[in-house]
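Contents: one structure, followed by commentary.
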Amino acid sequence: MTITEILNQPEHSRFSLELLPPLKGQHIDSIYRTMDALMPFDPAFVDVTYHREEYVYREVGPGLLQKRTVRKRPGTVGICAALTNRYNIETVPHIICGGFSVEETENALIDLDFVGVRNVLALRGDAIRSEGRFKPEPDGHPYAIDLVKQVVDLNKGIYLDPDLRNSTSTDFCIGVAGYPEKHFQAPNPASDLRWLKEKVDAGASYVITQMFFDNAQYFQFVERCREADIHVPIIPGLKPLTTAAQLQVLPQVFHVDLPEALVKSVEDAKTKEQVKEAGMAWCTAQAEELLDKGAPTLHFYTMGKIEPTAEIARRVLGTVNTG
Ligand code: FAD
C-alpha cells in the first residue's frame with residue numbers, strides 16, 4: 001500500500017516512526033527489538049534512513065595515514081525488505097542524491113521495486129561530514145527535485161537508456177522533506193517554500209517535516225504551504241529531547257530552535273531522569289495538540305532510542321492502539 005493510500009483510510013494509525021540502520025558489524029536484532037516494542041502502537045509505516053559514506057583515516061605505518069571511505073550504517077534496503085516480511089508493515093527507504101550517479105540511483109530503484117517496496121522518501125542528503133558543503137557526484141543529482149523527477153520517469157517506464165523498449169513501469173509513492181523553520185541553506189523561507197512546491201509539483205505525494213519543538217512553527221508552515229498551493233499531507237516530525245547535552249546538539253545538527261520554556265524545564269531538572277521526563281512531557285504535549293488539530297499522523301525520529309518514543313506513544317495513543 002502507498003503512504004497516500006494509508007493516510008486516506010479514515011481509521012489509519014496516527015503513529016509512524018523513523019529507524020536508523022544499525023552500525024556496520026551489528027546484528028539486525030536491534031531493529032527487531034525496536035519494532036517489537038513499538039508494534040503494539042500499530043505504526044502506519046516505518047521509514048529507514050540512508051547514510052552515505054564518510055572518510056576515515058587509518059594508520060598504515062609509522063606516521064603514515066591512509067584515507068578510506070566507509071559506510072557506517074549500510075543495510076537500508078535489506079532492513080525494509082526484512083521488516084515488511086516479518087511485520088507485514090509498509091516501509092519507506094530514504095533515497096539520497098549524495099554519493100550516487102543517476103545510473104546507480106536507477107539500479108537502486110530497480111532493486112527496491114523487485115523487493116516489493118512501494119514508497120520512497122527522496123532527499124538530497126547532507127554533505128560528507130568532513131567536507132562541509134554538499135557536493136553531488138559529477139553524474140549525480142544536485143537537488144532532491146531531480147531525484148523526484150527520476151522516480152516519476154521510472155513510474156512512467158522511462159529509463160536512462162533511451163533505447164530500452166517495452167520497459168516496465170514502477171509504481172513508487174514519493175515523499176519529500178519540508179522544513180518548518182527553513183532549510184539551513186535556503187536564503188529565506190519564501191525561497192525554501194518555492195523549492196518545496198517544485199518538488200510537490202514534480203510528483204511528491206506528501207511531505208515529512210524536520211523535527212520542531214514549537215508546534216506554532218508547524219501550524220504556520222502548513223498555513224504557508226496551503227497559501228502557496230501545496231495541498232499534499234504534511235506529516236509532523238517529532239523527537240523527544242532526552243539529555244541536557246541535546247540543548248546544544250539539536251540546534252547545531254538540525255538547525256532548529258528550542259523554546260525557552262522547554263530549555264528552562266531541562267535546566268531546572270536535577271537528575272538525568274528528570275531531564276528525560278521534562279523532554280518527554282514536552283513531546284507528549286506537542287503530540288496531543290498536533291493530533292487534536294488534525295495532523296495526518298505523528299512521525300517519531302527514534303534515533304536508536306526506543307523507550308522515549310514508546311512511552312510517549314503509550315501516553316498519547318495507548319488506549320487507542322494497544323487495546
Ligand atoms: P532539497 O530539497 O534539494 O533542498 C536543499 C536546499 O536547496 C534547500 O535549501 C532548498 O531550498 C534548496 N533548493 C532545492 N531545490 C533547489 C533548486 N532546484 N535550485 C536551487 N536551490 C534549491 N539525510 C540523509 O543523508 N539521509 C537520510 O535518511 C535523511 N532523512 C531525512 C528525513 C527527513 C524527514 C528530513 C527532514 C531530512 C532528512 N535528511 C536525511 C537530511 C536531508 O538530506 C538534509 O536536510 C539535506 O540538507 C536537504 O535535503 P532535501 O531533500 O530537503 O534537499
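The values are calculated or read from the model by the stated rules, or taken from the named source; none is laboratory data. Owing to the predicted nature of the structure, the values given are computational and were not obtained by experimental measurement. When we count neighbours, we look across all protein chains shown, and the Cβ atoms used for this are built from the backbone with ideal geometry, even at glycine. For the accessible areas, the whole protein counts, side chains as well, though only heavy atoms, and no ligand, DNA or RNA atoms are used. Shrake-Rupley method; radii C 1.70, N 1.55, O 1.52, S 1.80 Å.
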Original post:
How many residues does the range 135-144 hold that are open to solvent by 20 Å² or more (accessible area, probe 1.4 Å) and within 11 Å of the ligand (Cβ to nearest atom)?
Top reply: 4
Subject >> Subset of the range 180-209 [within 9 Å of the ligand (Cβ to nearest atom) and within 20 Å of ARG133 (Cα to Cα)] >> reply: LYS182, HIS183, PHE184, GLN185, ALA186, PRO187, SER191, ASP192, TRP195
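With respect to ASP153, is the statement that it is acidic (Asp, Glu), closer than 21 Å to HIS94 by Cα and away from the ligand (no atom under 16 Å from the Cβ) true?
On the way: acidic (Asp, Glu): yes; closer than 21 Å to HIS94 by Cα: yes; away from the ligand (no atom under 16 Å from the Cβ): yes.
Criteria met by ASP153.
Residue-wise test of (1) in a helix (DSSP H, G or I); (2) open to solvent by 70 Å² or more (accessible area, probe 1.4 Å).
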site: HIS94; (1), (2): no, no
site: PHE100; (1), (2): no, no
site: ARG129; (1), (2): no, yes
site: LEU154; (1), (2): yes, no
site: ARG165; (1), (2): no, yes
site: LYS199; (1), (2): yes, no
**OP:** Please go through the range 103-115 and pick out each residue that is open to solvent by 20 Å² or more (accessible area, probe 1.4 Å) and either in contact with a His (Cβ under 6 Å, 6 or more places away or on another chain) or within 15 Å of the ligand (Cβ to nearest atom) (or both).
**Re:** ALA108
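Could you tell me which residue of the range 67-92 is nearest to the ligand (Cβ to nearest atom), considering only residues that are among the charged types (D, E, K, R) and either assigned to a helix (DSSP H, G or I) or open to solvent by 50 Å² or more (accessible area, probe 1.4 Å) (or both)? Quick ask: steps written out before the conclusion?
Restricting attention to the range 67-92, the residues satisfying the condition of being among the charged types (D, E, K, R) are 67-68, 71-73, 86, 90.
Then drop every residue that is not either assigned to a helix (DSSP H, G or I) or open to solvent by 50 Å² or more (accessible area, probe 1.4 Å) (or both), which leaves 67-68, 71-73, 86.
Working: LYS67: 21, ARG68: 20, ARG71: 11, LYS72: 12, ARG73: 10, ARG86: 21 Å.
Only one residue fits best here, namely ARG73.
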**OP:** Restricting attention to strands (runs of 3 or more DSSP E) lying wholly within the range 1-63, give those where 2 or more residues are more than 15 Å from the ligand (Cβ to nearest atom) and under 17 Å from the mean Cα position of the chain (by Cα).
**Re:** none
Original post:
If you take the residues in the range 116-127 that are away from the ligand (no atom under 12 Å from the Cβ) and surrounded by 15 or more Cβ atoms within 10 Å (Cβ to Cβ), which one is farthest from ASP192 (Cα to Cα)?
Top reply: VAL117
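Where in the range 240-301 are the helices (runs of 4 or more DSSP H), entirely inside, with at least 1 residues that are under 25 Å from ASN8 (Cα atoms) and open to solvent by 70 Å² or more (accessible area, probe 1.4 Å)?
Hits in the range 240-301: 272-292.
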Subject >> Condition broken by ALA313, with the remaining ones in (1) touching a residue at least 40 places away in the same chain (Cβ under 8 Å); (2) open to solvent by 60 Å² or more (accessible area, probe 1.4 Å) satisfied >> reply: (2)
**OP:** Output the residues belonging to the range 36-62 that are open to solvent by 80 Å² or more (accessible area, probe 1.4 Å) and either over 20 Å from THR84 (Cβ atoms) or hydrophobic (A, V, I, L, M, F, W, C) (or both).
**Re:** TYR57, ARG58, GLU59, VAL60, PRO62
**OP:** Could you list all residues from the range 215-234 that are surrounded by fewer than 23 Cβ atoms within 10 Å (Cβ to Cβ), within 16 Å of the ligand (Cβ to nearest atom) and under 15 Å from ALA287 (Cα atoms)?
**Re:** GLN217, ILE234
